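Peer 1: Handing you this structure, nothing more for now.
The values are calculated or read from the model by the stated rules, or taken from the named source; none is laboratory data. These numbers come from a predicted model, not from an experiment. All Cβ positions, even for glycine, are placed from backbone atoms using ideal geometry, and neighbour counts span all protein chains on display. All accessible areas refer to the heavy atoms of the entire protein, side chains included, with ligands and DNA or RNA removed. Shrake-Rupley method; radii C 1.70, N 1.55, O 1.52, S 1.80 Å.
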Amino acid sequence: MTSPCDPVVVALDIGGTGMKCALVRPDGTVHHTERHPTRAARGPEAVTGTILDVAAGLADRARADGLRPVAAGIAVPGVVDEENGIAVWSSNVGFRDTPLRDLVADHLGLPAALGHDVRVGGIAEARLGAGRDQRQVLFIAIGTGIAAAHVVDGRAFAGAHGAAGEVGHIVIRPAGPACGCGAHGCLEAIASASAIGRRYAEVSGVADATAYDVAARSAAGEPLAAAVWRDSVEALAEGLLTAQALYDAGMVVLGGGLAEAGEALLAPLRAALDRRITFHRVPRLVRATLGDTAGCLGAALLALDSLS
Ligand SMILES: [Zn+2]
């Protein structure tokens, strides 16, 4: 039973291609979801306009359903100044110092919070997903890029400039492939889902294979796919070794598209990390459980936290 006073938060996870949106109750259960295209090519001002419209629409929907919207949470990619609520920089959405938190708060007449998509995804996995019985979780999202969130007691460390957790730019092979950041041999230039597909295309001539296809072909015994997959897993293990030296994680939760490979990724990665680790403890390596809803749920948690 809902009563007219039941609170919900408006939550939006803004990606380069789509926006995942929801009305979420304080206990983390979801009342309503919707998805919209970002259409980032229109430019950041048009995207911001869509965010304001969608958020207002969700608040209206809550009221129409007899609920009370109490806050809004927004997750965005790129560099995010969470303290001041500013989307500082984003390569795929185009934000440049956009004061998104205050724009949303003013438009809705509600308190709002802004977070980084991977950090809030980590918060959601740590509190509602794979890490919910852990105090300390390292969440690593492996998709088109690789980024991490170190979550302790339900809160993610953002760093002094809002850019903590960029484990994708740990240099694994200094003479390796060029990375989008300008360096060479970064972990994400070798082992992100897109890098794996790209490298398999280079060696096999198969143009449209995804990382998931490479994993499946590797499991089926195709030698080229097996070589690319093995090399990517080794690179990930090297990145995890550095991450473990920095964070001493008890549990590492792998999310993003590459984690869909499940044990085909986790089993060889555990073995490769075991072989490398010296005095550090090997973390429990598990797959994320919230899938692509983690960012939206995390945005909701951030909004709820901002009220307390
Ligand atoms: Zn890089």
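Peer 1: When the helix-only estimate is applied to the chain (DSSP H runs of n ≥ 4, each -39,500 (n - 2.57), divided by the residue count), what is the mean residue ellipticity at 222 nm, nearest 500 deg cm²/dmol?
Peer 2: Rounded to the nearest 500, it is -12500 deg cm²/dmol.
Peer 1: Same structure again: Keeping all protein chains in place and using 1.4 angstrom, which order do C21, C181 fall into by accessible surface area, from largest down?
Peer 2: Final ranking, largest accessible area leading: C181, C21.
Peer 1: Oh, and also: Could you check what % of the DSSP bridge pairs in the chain are antiparallel, to the nearest 5?
Peer 2: Values: 29 of 50 bridges.
That works out to approximately 60 percent antiparallel.
Peer 1: What angle do you read, to the nearest 10 degrees and between 0 and 90, between the alpha-carbon axis of helix 294-307 and the longest principal axis of the chain?
Peer 2: The answer is roughly 40 degrees.
Peer 1: Next question, about the same structure. Given N residues in region 133-288, what is its alpha carbon radius of gyration divided by 2.2 N^0.38 Å?
Peer 2: Taking N as the residue count of region 133-288, the ratio is 1.01.
Peer 1: With everything on Cα atoms, drop me the angle between helix 117-127 and the longest principal axis of the chain, reported from 0 to 90° to the nearest 10.
Peer 2: Helix 117-127 sits roughly 90 degrees off the main axis of the chain.
Peer 1: Could I ask something else about it? Calculate one ³J(HN,Hα) per residue across region 273-283 by plugging θ = phi - 60° into the Karplus curve 6.51 cos²θ - 1.76 cosθ + 1.60, and present them in order as whole Hz with x for glycine and proline.
Peer 2: Whole-Hz 3J(HN,Hα) from phi for region 273-283: 6, 3, 5, 8, 6, 9, 8, 6, 7, 6, x.
Peer 1: In percent, what relative contact order does the chain have, based on Cα pairs under 8 Å that are 6 or more apart in sequence?
Peer 2: 19
Peer 1: Compare the peptides 60-73, 198-211 by average per-residue count of other Cβ atoms within 10 angstrom and give them in order, highest first.
Peer 2: 60-73, 198-211
Peer 1: Let me ask something else. Under the 0.36 nm per residue contour assumption, what length would be gained going from the current alpha-carbon distance of F279 and R96 to full extension?
Peer 2: Computed gain between F279 and R96 is 61.6 nm.
Peer 1: Check A71: other-chain or 5+ apart residues with amide H under 5 Å from its amide H, H built from backbone geometry?
Peer 2: When sequence neighbours closer than 5 places are left aside, the close amide H contacts are V10.
Peer 1: If I stretch the segment between D65 and A41 completely, what's the gain in nm (0.36 nm per residue apart, minus their alpha carbon distance), one decimal?
Peer 2: Computed gain between D65 and A41 is 5.3 nm.
Peer 1: Over region 25-92, what is the mean sequence separation of C-alpha contacts under 8 Å (at least six apart), divided by residue count, expressed as relative contact order in percent? Show your work: numbers first, answer last.
Peer 2: Working: 29 pairs, mean separation 10.9, N = 68.
It rounds to 16 percent for region 25-92.
Peer 1: What trypsin sites (Lys or Arg not before Pro) does region 246-308 have in DSSP loop regions with at most 13 other beta carbons within 10 Å?
Peer 2: R281
Peer 1: Moving on. As a test of the definition: which semi-axes, in Å, follow for region 36-135 when you take the square root of five times each eigenvalue of its alpha carbon gyration tensor? Largest first, please. Don't skip to the answer; put the middle values down first.
Peer 2: Details: eigenvalues 95, 83, 32 Å².
Semi-axis lengths for region 36-135 are 22, 20, 13 Å.
Peer 1: Just the number please: accessible area per residue for the chain, 1.4 Å probe, all protein chains included, in Å².
Peer 2: 44
Peer 1: Still on this model: Of all chymotrypsin sites (Phe, Trp or Tyr not before Pro) in region 205-308, which ones are in loop regions per DSSP and have a Cβ with at most 15 other Cβ atoms within 10 Å? Present the calculation step by step, with values, prior to reporting the outcome.
Peer 2: Numbers: sites: Y212, W229, Y247, F279; in loops: F279.
Those that pass, being in a loop and sparsely packed, are F279.
Peer 1: Full-extension gain between S308 and A183, please, as 0.36 nm times their residue separation minus the C-alpha to C-alpha distance.
Peer 2: The S308-A183 span can extend by a further 40.9 nm.
Peer 1: Just how many % of Cα pairs in the chain lie over 26 Å apart, if you round to the nearest whole percent?
Peer 2: Taking all Cα-Cα pairs of the chain, the fraction more than 26 Å apart is 46 percent.
Peer 1: Within region 133-288, what whole-number % of the accessible surface is contributed by carbon and sulfur, with the 1.4 Å probe and all protein chains included in the calculation?
Peer 2: 56
Peer 1: Which of the GluC sites (Glu not before Pro) found in region 1-110 are in a DSSP loop and have at most 10 neighbouring Cβ atoms, other than their own, within 10 Å?
Peer 2: E83
Peer 1: I've got another one for you. What are the ³J(HN,Hα) values, in whole Hz, obtained from phi via the Karplus relation 6.51 cos²θ - 1.76 cosθ + 1.60 with θ = phi - 60°, for each residue of region 210-216 in sequence order, with x given for Gly and Pro?
Peer 2: 8, 4, 4, 4, 4, 4, 5
Peer 1: Something else now. Quote the accessible area belonging to T50 in square angstrom, nearest 10, computed with a 1.4 Å probe and with ligands, DNA and RNA left uncounted.
Peer 2: Roughly 20 Å² of T50 is accessible to a 1.4 Å probe.
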